[in-house]
Amino acid sequence: MGTPWTRFVPASALSALLALGATACGSDESGQSGPESDKKITVYSGRSESLVKPVLDEFREASGITVDVRYGDTAAMAAQLQEEGDRSPADVFLAQDAGALGSMAKKDLFAKLPDAVLDKVPGAYRDDDGEWVGVTGRVRTMVYNADQVPGADLPKSVFELTEPQWKGKVGIAPTNGSFQAFITAMRVQEGEEKTKKFLEGLKANDAQIREGNAPIVADVNNGRIAAGLVNHYYVYELAKEEGTTVDALKAKNHFFPDGDIGSLVNVSGVGVLKRADDDPDVRAFVDHLLGKQAQTYFADETYEYPLVAGVASAPGLPKLSSLNAPDIDLDDLDDLEATVKMIKDSGLA
């Protein structure tokens with residue numbers, strides 16, 4: 001690991017970033033000269049442009065560093081990076097879930113991050129070996145239509161959704177990265193056979209297939225389907241789009257209790273490719289993602305959980321610490337290929 005990574009400075013303040021640019025080609029403590037800033041980084045983003053562009057724009061404006069972004073599906077981006085290997089132009093991988101980050105670390109493509117970065121985020125939400133770090137927290141939930149599903153009928157486990165009373169009523173997005181990470185976590189916690197039966201049960205129960213989480217929540221709110229498996233923040237996004245409050249929507253979040261895998265807490269996160277290990281522009285970018293400005297944006301605008309201390313989550317969200325989430329090591333969600341194959345074999349994708 002290159003020594004310049006140890007000289008992190010906050011990227012959220014313009015003055016600090018200007019100072020960074022001025023010192024980027026200075027010497028480290030050993031007297032060795034660090035690399036010069038070329039004021040440009042390349043980011044492969046498995047997060048959608050609509051969600052992260054404002055954060056990237058803030059970084060560009062504050063630092064003067066150009067950010068060349070390539071957007072795509074998280075799993076596809078991870079596969080592309082692994083195929084490109086040392087030939088990849090990417091400096092940074094911004095991923096939708098820990099599974100994709102873990103698959104990259106497993107292929108030994110990431111540089112180790114410095115403790116100064118890792119220590120900003122609780123240990124449960126970063127790689128044990130320090131090769132990726134969470135940026136935001138997202139909780140799997142069941143969204144349901146309050147007119148169609150009485151509170152007394154809410155399931156206590158996600159596995160109940162394969163039962164006859166839910167036939168044709170549950171929306172899923174089997175090609176979505178967050179669904180795939182959830183299924184990977186199920187494989188880890190519940191085993192291969194039970195997970196296979198769950199997927200086959202969804203298929204037999206006429207699960208309603210959608211392209212992503214947002215269409216599921218919209219269809220639940222409009223009464224087209226009774227429920228769906230999504231991430232928690234999509235209900236908040238729909239309320240914002242419709243100019244109303246979460247309480248006014250028919251669509252509600254149900255957090256499965258008692259450590260059920262249906263309430264998995266996953267992360268979006270970031271890893272630095274080895275080719276950019278000691279790039280001062282990359283270090284500024286990672287610091288920005290974990291800075292107060294970006295963390296506040298994710299909390300207030302995308303309704304995800306900030307992972308850095310001192311930044312409050314959106315009003316109305318239960319505290320992350322209050323959720324009885326399953327005890328899953330996010331490092332174990334790296335077997336994405338087997339999960340995708342299992343989903344395809346079930347006939348859901």
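The values are calculated or read from the model by the stated rules, or taken from the named source; none is laboratory data. As the structure is a computational prediction, the values presented were derived from the model and not from experiment. Ideal geometry is used to build each Cβ from the backbone, glycine not excepted, and the neighbour counts take in all protein chains shown.
Anything in segment 216-229 that is surrounded by 18 or more Cβ atoms within 10 Å (Cβ to Cβ) and outside any strand (DSSP E or B)? List them, or say none. Please lay out each step first, then the result.
Residues of segment 216-229 surrounded by 18 or more Cβ atoms within 10 Å (Cβ to Cβ): 216-221, 225-229.
Matches in segment 216-229: Ile216, Val217, Ala218, Asp219, Val220, Asn221, Ile225, Ala226.
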Condition (residue is closer than 24 Å to Tyr71 by Cβ, of a type in the set (Asp, Glu) and either out of contact with any strand residue (DSSP E or B) (no Cβ under 9 Å at 6 or more places or on another chain) or part of a strand (DSSP E or B) (or both)) applied to segment 230-239: is it met by at least one residue? yes
Kindly check whether there is at least one residue in segment 279-286 that is outside any helix (DSSP H, G or I), farther than 23 Å from Lys112 by Cβ and touching a residue at least 12 places away in the same chain (Cβ under 8 Å). no
Listed by first then second residue, the pairs whose first member lies in segment 261-272 and is in contact (Cβ under 8 Å) with a residue 12 or more places away in the chain and farther than 17 Å from Glu190 by Cβ, whose partner is crowded, with 24+ Cβ neighbours inside 10 Å and hydroxyl-bearing (Ser, Thr, Tyr), with beta carbons under 8 Å and at least 6 positions apart or on separate chains, are Val267/Thr136; Ser268/Thr136
Please determine, by comparing only the residues of segment 218-246 that are within 24 Å of the chain's Cα centre (by Cα) and of a type in the set (Gly, Ala, Ser), which one is farthest from Met142 (Cα to Cα). Ala239
Every residue from segment 11-62 that is in contact with a helix residue (DSSP H, G or I) (Cβ under 8 Å, 6 or more places away or on another chain), at pLDDT 50 or above and outside any loop (DSSP other than H, G, I, E, B): Lys40, Ile41, Val43, Tyr44, Ser45, Pro54, Val55, Glu58, Phe59, Ala62
Give the residue that is nearest to Ile261 (Cα to Cα), with candidates limited to residues of segment 311-349 that are in a loop (DSSP other than H, G, I, E, B) and without any contact (Cβ under 8 Å) to a residue 24 or more places away in the chain. Lys319
Given (1) in contact with a strand residue (DSSP E or B) (Cβ under 9 Å, 6 or more places away or on another chain); (2) under 30 Å from Leu81 (Cβ atoms), identify the lone condition not met by Lys107. (1)
Looking only at segment 134-152, decide whether some residue is touching a Pro at 6+ places or on another chain (Cβ under 8 Å) and not in a strand (DSSP E or B). no
Can you name the condition, by its number, that Asp115 falls short on among (1) over 24 Å from Lys319 (Cα atoms); (2) in contact (Cβ under 8 Å) with a residue 24 or more places away in the chain; (3) assigned by TED's automatic domain parsing to the domain that holds Gln295? (2)
In segment 312-330, the residues that are of a type outside the set (A, V, I, L, M), surrounded by fewer than 19 Cβ atoms within 10 Å (Cβ to Cβ) and in contact with a Gly (Cβ under 8 Å, 6 or more places away or on another chain): Asn324, Asp327
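Scan segment 254-262 and tell me whether some residue there is under 24 Å from Leu81 (Cβ atoms) and surrounded by 14 or more Cβ atoms within 10 Å (Cβ to Cβ).
Of segment 254-262, the ones under 24 Å from Leu81 (Cβ atoms) are none.
For segment 254-262, residues under 24 Å from Leu81 (Cβ atoms) and surrounded by 14 or more Cβ atoms within 10 Å (Cβ to Cβ): absent.
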